[in-house]
Structures are given as structure tokens and as C-alpha cells.
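The values are calculated or read from the model by the stated rules, or taken from the named source; none is laboratory data. Just so we're clear, the structure is a prediction, and the values are computed from it rather than from any experiment. Because the Cβ atoms are built from the backbone with ideal geometry, glycine has one as well, and the counts that use them run over all protein chains shown. SASA here: full protein model, heavy atoms, side chains in, ligands and nucleic acids out. Shrake-Rupley method; radii C 1.70, N 1.55, O 1.52, S 1.80 Å.
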Amino acid sequence: MIVIPLFFMGVGMPLYYVPLTGLAMGSVKEEETASAAGLMNFVRTISGAIATSLVTTSWQNRTIIAHAKLANVVDPTGQLAGSLPPGTTGQMVREMFNNLVTSESLMLATNGLMMVIAVVFVAASIAIVLAPKAARTVDPASVGH
């Protein structure tokens with residue numbers, strides 16, 4: 001189910017970049033448009049790199065925290081080992097249990113991170129709507145990237 005939020009993020013990105021580029025290009029003089037477009041490209045690229053590193057680090061940290069919390073609350077009586085097929089060793093039970101907890105902690109971390117990203121997108125869309133109108137109108141398609 002991770003595909004659905006990623007789909008909406010992919011569709012929504014141009015809805016942020018196009019108005020943001022239009023605002024930026026409309027805020028500079030016409031002779032500064034080429035320099036502003038280059039600067040806008042640089043800022044967008046560096047911001048994407050920083051955001052990627054922040055999201056990756058946050059995802060990893062959230063996964064570790066969720067794993068620790070889940071490991072503390074699941075199977076406190078140790079009955080999991082009794083419900084597995086005969087012939088499984090203690091190490092096999094621990095590895096299977098750890099794999100299950102790891103996959104669930106990854107999903108919990110992903111859900112939490114998607115919620116944070118949704119809040120950031122809503123805040124960014126409000127900021128774009130409330131931004132002052134540019135001094136001149138620029139067709140974003142005419143600005144080379």
C-alpha cells in the first residue's frame with residue numbers, strides 16, 4: 001500500500017514546482033531571468049538532496065525506535081516458541097521473531113513518516129497560496145531547466 005501515497009507525491013510535485021518557479025521568475029527583472037532560473041534549479045536540487053538525507057535518517061531512526069518498542073511488548077510469556085512446528089531450534093525462533101518485528105517496525109516507521117510528509121505538503125501548499133503575487137507574469141514553461 002506504499003504505492004498510493006508515493007503516487008500522490010509524484011503527481012503533486014509539479015503542482016508545487018510550477019507555481020514556485022512562476023513566483024520566483026516573476027519576482028526578478030526580465031534581464032535576470034536566466035540567472036534566477038539557474039539559481040532556482042540549484043536550490044531545488046540541493047533542497048531535494050537535503051530532504052532525501054533527512055527523510056532517510058528519520059526513517060532509520062523511527063524504525064529502530066519502533067523495533068525496540070515492539071520487541072518489548074510482543075510475546076512477553078514466551079509462548080511463541082511453543083506454537084511453531086516441531087524441530088525448530090531456539091535460534092530459528094528468535095530469527096523468525098526478529099524478522100517479523102523488523103518488518104512491522106519498518107511499516108510503522110513508514111506510516112509515521114508519511115504522516116509527517118503529508119503535513120509538510122499541506123504547509124507548503126498553504127505557503128504557496130498565501131505567497132504575494134509576483135510583480136510580472138511569467139509562463140513557467142518558457143523558463144529553461
Within the range 29-44, is even one residue among the charged types (D, E, K, R), modelled with pLDDT under 90 and not in a helix (DSSP H, G or I)? yes
Take the range 107-138 and flag every residue that is at pLDDT 80 or above, of a type in the set (A, V, I, L, M) and open to solvent by 70 Å² or more (accessible area, probe 1.4 Å). Met107, Leu108, Met115, Val119, Val120, Val122, Ile126, Val129, Leu130
Got a number for residues in the range 5-35 being open to solvent by less than 70 Å² (accessible area, probe 1.4 Å) and over 24 Å from Phe121 (Cα atoms)? 2
Between a residue in the range 92-109 that is assigned to a helix (DSSP H, G or I) and any residue that is open to solvent by less than 100 Å² (accessible area, probe 1.4 Å) and basic (Lys, Arg), which pairs come within a Cβ distance under 6 Å, given they are 6 or more apart or on different chains? Ala109/Arg62
